Amino acid sequence: MFEDTYKTIAKPSEGSYSEKRSKFLAYAFPVQNEQEVKQRLAEIQKKHWDARHHCYAYILGPHKDAYRQNDNGEPSGTAGRPIYGQLLSKDLTNTLVIVVRYFGGIKLGVSGLQNAYKVAAKEALDAAVIEERTIQEQYRVVFEYVKMNDIMQILKDPEIQVIDRQSDMRCTYTISVRQRDADRITEALRKVAMTEVTAL
């Protein structure tokens, strides 16, 4: 059975870490796309306009297809990568972590920076509520009104959510189905005469 669940955080959370007078403030956000990543980043940059660095990492998509790490002026690999590592260690996706650094006047060195960004990110994610969600697929189902009873028998399935319905002589329903059940349900729907099932 293929995996059709993923983990993300339920709501924003925060963490912090201090090292040799440098302050590292971490913010974790649930995000759905790169547009939301940009919005959250802009919010934090505006809030902490006087900070020297705004480093971040994110992973997007139920299959973790999109990801990015950004050191924002810190030595290469000292900020974005350890933040990204914490997302991986918790097996999260659709999650953004931003760590803001206020420089304390004392250099931390490569290993010191890596540890500081790692711990700050970990603090924010440890404070988060982690949820497991299922991957959903959406379909448009078009059928003749006379087939309503047959279709409704199938749509009683607990894994189906009806998002939209338009009933006339020809009915159009938009449904959301858990990915692992999609083949079984769409096949059952297509077996009802004159029914079109289209993936959205």
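The values are calculated or read from the model by the stated rules, or taken from the named source; none is laboratory data. Because the structure is a prediction, the values reported are computed rather than measured. FYI the Cβ positions are ideal-geometry reconstructions off the backbone, even for glycines, and counts take in every protein chain you see.
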| Of the residues in segment 101-149, how many are in contact with a Leu (Cβ under 7 Å, 6 or more places away or on another chain), of a type outside the set (A, V, I, L, M, F, W, C) and buried (at least 19 other Cβ atoms within 10 Å of the Cβ)? | 1
| message | For a quick check of your reading of the model, give me the residue pairs whose first member lies in segment 155-177 and is closer than 15 Å to Ala199 by Cβ, whose second is among the small types (Gly, Ala, Ser) and part of a strand (DSSP E or B), with beta-carbon atoms closer than 7 Å and at least 6 apart or on different chains. | response | Ile163/Ser176
| request: Scan the strands (runs of 3 or more DSSP E) fully inside segment 1-115 and keep the ones with 1 or more residues being among the small types (Gly, Ala, Ser). | output: 13-19, 22-30, 53-60, 66-70
| query | Which residues, taken from segment 7-29, are closer than 17 Å to Gly85 by Cα and under 11 Å from the mean Cα position of the chain (by Cα)? | reply | Lys7, Thr8, Ile9, Phe29
| Taking the condition in the same structural domain as Ala124 (by TED's automatic domain parsing), within 19 Å of Gln114 (Cβ to Cβ) and of a type outside the set (Val, Ile, Thr), does Ala66 pass? | no
| query | Mind checking which pairs have a first residue in segment 13-24 that is in the same structural domain as Lys122 (by TED's automatic domain parsing) and a second that is part of a strand (DSSP E or B) and at pLDDT below 95, Cβ under 6 Å, 6 or more apart or different chains? | reply | Lys23/Tyr102; Phe24/Tyr17; Phe24/Arg101
| Some residue of segment 132-142 being in a helix (DSSP H, G or I), farther than 30 Å from Tyr84 by Cα and in contact with a Ser or Thr (Cβ under 9 Å, 6 or more places away or on another chain) | no
| query | For segment 167-195, what are the residues that are outside any helix (DSSP H, G or I), touching a helix residue (DSSP H, G or I) at 6+ places or on another chain (Cβ under 8 Å) and closer than 14 Å to Ile154 by Cβ? | reply | Cys171, Tyr173, Ile175, Val177, Val192, Ala193, Thr195
